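Input: a single structure, listed below in structure tokens.
The values are calculated or read from the model by the stated rules, or taken from the named source; none is laboratory data. These numbers come from a predicted model, not from an experiment. We place every Cβ from the backbone using ideal geometry, glycine too, and count neighbours over all the protein chains shown. Heavy atoms of the whole protein, side chains included, go into the accessibility calculation; ligands, DNA and RNA do not. Shrake-Rupley method; radii C 1.70, N 1.55, O 1.52, S 1.80 Å.
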Amino acid sequence: MKIIAIISSPRGKNSNTLKLVNAALDGVAAAGAETEIIDVAKLKIKYCTACNVCHKTGVCPIKDTYNEVLEKLLSADGIIWSSPNYMINVTAQLKTLFDRSPRVTHEQLFDGKYGFSLTTAGSRDVNFVLDVMNGFMKMCGGKFTGGVGCTMAQGPLGMEAAIGKSYEMGRDLVEAIREKRKYPEQEALHQAWREGFRHVIIANKEEWPHNVDHWIAKGWL
Ligand SMILES: Cc1cc2nc3c(=O)[nH]c(=O)nc-3n(C[C@H](O)[C@H](O)[C@H](O)COP(=O)(O)O)c2cc1C
């Protein structure tokens, strides 16, 4: 079993958020799964140009490391998303990865995968940032098991508690994947989304042949 953690702080090894990620990955490793970190702050992923080629061919034509990152994410069983709070949101580096992924949404490519999110902030708004990351997972067909956030204003004890929770979340993620845990509320949202988006896929069937083939293969069309 493979779990990938996406990190997105430009502060490298000094990152507060990385402390939570490392604890989560220790939990993952203790539960017996393989781990890998991908640092999108180092990868210089370019902006989406809305060319729609990914929906036609299944491949993003922009020349950078995005397709390689996507392949790794698609081969993982679980994904840990992480970002510091930057202006009540995720970092631009992580948002750029999200924006490059419209095919992952259209084709629900995280279907069957599990994940959770980690954030740190100076003083507030951890829940909003966790919701952005878990919302992305959900929008792409994946399930999320929760999130851990910590503000620096809570002091060292707050960080210590968040590190402990992150470790437990890492262990629990592996457990959720092993037992194929059910999240009926999230599954109902996926189902409702597919029912609605089906009409968009049909309306764009000439322009988005790769999406259409995927939907047919999945039995959604
Ligand atoms: C550009 C920038 C924007 C930030 N915006 C917020 C914010 O809106 N709210 C907040 O509570 N903290 C904010 N912070 C503080 C960081 O979220 C906080 O220091 C975090 O722990 C940094 O994580 P890192 O060490 O993993 O990069 C901001 C920091 C920077 C550099």
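Phi-derived couplings, Karplus 6.51 cos²θ - 1.76 cosθ + 1.60 at θ = phi - 60°, listed residue by residue for the stretch 13-21: 5, 8, 5, 5, 4, 4, 4, 5, 4 Hz, with x used for Gly and Pro. Label separation (Glu160 vs Thr105): 4.2 nm, computed from points 7 Å beyond Cα along the C-beta direction. Between the amide H of Thr120 and those of Ser83, Asn85, Cys150, distances stay under 5 Å, these residues lying 5 or more places away or on another chain, with hydrogens modeled in the peptide plane. Of the whole protein surface, Cys60 contributes about 20 Å² of accessible area at a 1.4 Å probe radius.
For Ile7, the residues whose modelled amide H falls within less than 5 Å of its own, excluding neighbours fewer than 5 places apart on the same chain, are Ile38, Asp39, Val40. Computed 3J(HN,Hα) for the stretch 210-221, one whole-Hz value per residue from the Karplus formula 6.51 cos²θ - 1.76 cosθ + 1.60 where θ = phi - 60°, is 5, 4, 4, 4, 5, 5, 5, 4, 7, x, 8, 10, glycine and proline marked x.
Per residue of the chain, the DSSP helices (runs of n ≥ 4 H) give a summed -39500 (n - 2.57) that works out to -16000 deg cm²/dmol at 222 nm. Relative to the 2.2 N^0.38 Å rule of thumb, the chain has a C-alpha radius of gyration ratio of 1.02.
When all alpha carbon pairs of the stretch 79-146 are counted in 10 Å bins from zero, the resulting P(r) reads 23, 53, 22, 2 %. Taking amide H as placed 1.01 Å from N in the peptide plane, Lys113 has its amide H under 5 Å from the amide H of Lys143, each at least 5 places away in sequence or on another chain.
Post the alpha-carbon centroid distance, the stretch 179-213 to the stretch 5-52, in whole angstrom. One Cα centre to the other: 27 Å. Subtracting the Cα-Cα distance of Glu175 and Asn204 from 0.36 nm times their residue separation leaves 6.5 nm of extension gain.
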